[in-house]
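Below is one structure, written out as C-alpha cells; the observations come after it.
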Amino acid sequence: MSILLVLVLIAPNLIWQYNNNVPVIDHMKVLAQTQLVNVDRLEFLKSQFLFFVGAFVVIISGVVALLFHKPFKPYRSFFWSIIFTILVFMYFKAKDYYSIGVYPIYIAFGSVYVADKLKFGWARYLQPILIAIPILLFIPMYNFAFPSKSPKYIVQHAKTYSDLGMLRWEDGKQHLIPQDYADMLGWKELAEKVDSICEGLPKLDHTLILCDNYGQAGAINYYKKNKEIQAHSFEADYVSWLKYDQKISDVILVKESDDEDSERKTEIPLFQEVYLSAKRINKYAREDTISIYVLKGAKVDINKRIKMEAEQKKSYE
C-alpha cells in the first residue's frame, strides 16, 4: 500500500518528465561532464562524516541496530538501502551533499535504539553527554561550515579554509570563498537590475527575459518585485516551460561571463536596437560577472526562433 501511495505522489512528475523527453537525464549529463568529473570519492566519504558529525554516533547506532536489533527486523531493508545508496553515489561520483536527505531516517532509528539502551543503570548518565556532543561540536563548525563570516574575512583567513578543503569547488580549482557561500551571493542584485530594466520597457506583456542558465532564471523569478513577467532559459526543465502565446517585441538577455558573443552579432540583425544595459559584478559570487542586454523592436518572428531553438534543444537531449 505504501509503495502505491509513493507512486501516486510522484506520478505527476513522472508524467511531465515523460511528456517532455525526460529533461532530468540531459541535466544529469551536463552535470557529469562539467561538475561531477571533478568529484573525489574519498572527499565524498569524508564529507558524509562532517555533515552530521554531531549525530554520527546516533546514525551508526541506527545502521547497526537495523542489522542486529530484533525489534528492527521488519525494517532491515533500510540497512541495505543506505549501503546501496552510498555506493551508487560514489560510483557515479555524486556531489557530497546529494546524500544529505538519506540520513534523517537513520537518525530516527538510532535515536529510538540509543534511547532504549540508555534507560537503565549507569547508562542513564550517558544521556546528557550524547545531548551535549552535537551542541559542543556545532560551535566550532559554525565558524567555518556556515556563512557566518564575511567574504573579506574568509579571504583574509584563506589558509585555514584551504586546509579544511573548503575553497576547492566542483571544478577542481581553488577559489576565494567556499562554493556553497558563493552560490548565495549576487542573485538578489541581479533581480534588482532586471527589475530596473523592466521599468523602462513599455510592453512587458510582449517582452521575454531569456537567461543563460536555470540559476539566473530561478533567482530573477524569486527575487524580482515585478511579477508581471517571468524569466526563462533553454537549460534544464525551463526549456519545456517556454510559452509562445504572446508576440515578442523586446528581449532582456542575461548572459554569463564566458559569453562568446559579447558584441551580440547574432542578435543585432534581428532587432532595431541592441545594447548592454547593465552588469552585475561580484567577485565573490559563483558567477562573478553577469551581463544584461536589451534587444528592442524585433524585426522577425522571435517566437518562431525561440520555439525552433527550444525544439532543437529537446531533440538534442
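What follows is calculated from the coordinates using simple rules that are stated; it is not laboratory data. Keep in mind the model is a prediction, meaning the values are calculated, not measured. Note that each Cβ is placed from the backbone with ideal geometry, even for glycine, and that neighbours are counted across all protein chains shown.
In this label model, W122 and I107 are separated by 3.1 nm, measuring between points 7 Å along each Cα→Cβ vector. A simple charge model with +1 on the Cβ of Lys and Arg, -1 on the Cβ of Asp and Glu and nothing else charged puts the dipole of the stretch 2-178 at about 400 debye relative to its Cα centre. Helices of the chain meeting both criteria, an alpha-carbon length of 24 angstrom or more along the long axis and an average Kyte-Doolittle score not below 1.6, with helices taken as full DSSP H segments, are 127-145.
Counting every alpha-carbon pair across the stretch 187-316, the share separated by more than 23 Å comes to 27%.
Assuming charge only on the beta carbon of Lys and Arg (+1) and of Asp and Glu (-1), the dipole of the stretch 187-316 about its Cα centre is about 280 debye to the nearest 20.
Semi-axis lengths, largest first, of the ellipsoid equivalent to the stretch 11-159 are 33, 26, 13 Å, with √(5λ) applied to each eigenvalue of the Cα gyration tensor. Over the chain, dividing the summed -39,500 (n - 2.57) contributions of all DSSP H runs of at least 4 residues by the number of residues returns a 222 nm mean residue ellipticity of -15500 deg cm²/dmol. Assuming charge only on the beta carbon of Lys and Arg (+1) and of Asp and Glu (-1), the dipole of the chain about its Cα centre is about 1160 debye to the nearest 20. Per residue, the convex hull spanned by the Cα atoms of the stretch 162-240 amounts to 103 cubic angstrom.
Work out, step by step, the length gained on full extension between Y223 and D163: first 0.36 nm times the residue separation, then minus their alpha carbon distance; give nm to one decimal. Separation in residues times 0.36 nm, less the Cα-Cα distance, equals 18.1 nm. Ordering I302, V88, Y275 by the projection of their Cα atoms onto the charge dipole of the chain, which places +1 on the Cβ of Lys and Arg and -1 on the Cβ of Asp and Glu, puts V88 at the extreme positive end. Summarising the label geometry, the points placed 7 Å from Cα in the beta-carbon direction at F49 and E256 lie 3.4 nm from one another.
If R0 is taken as 35 Å, the Cβ-Cβ distance between A132 and D180 corresponds to a FRET efficiency of 0.80. When peptides 216-228, 125-137 are sorted by average Cβ neighbour count within 10 Å, with the highest value leading, the order is 216-228, 125-137.
For the listed residue pairs K193/K296; K73/K93; K265/K296; K243/K313; K247/K296, the alpha carbons are over 20 angstrom apart in K73/K93. Modelled spin-label separation between F68 and K304, with each label point placed 7 Å from Cα along the Cα-to-Cβ direction: 7.3 nm.
Between Y244 and L36, the FRET efficiency from the beta-carbon distance, with R0 = 45 Å, is close to 0.85. Each distinct pair of alpha carbons in the chain adds a 1/r term; the inverse of their mean, the Kirkwood radius, is 23.4 Å.
Along the axis of the charge dipole computed for the chain (Cβ charges of +1 for Lys and Arg, -1 for Asp and Glu, origin at the Cα centre), the listed residues P12, G110, P202 are led at the positive end by G110.
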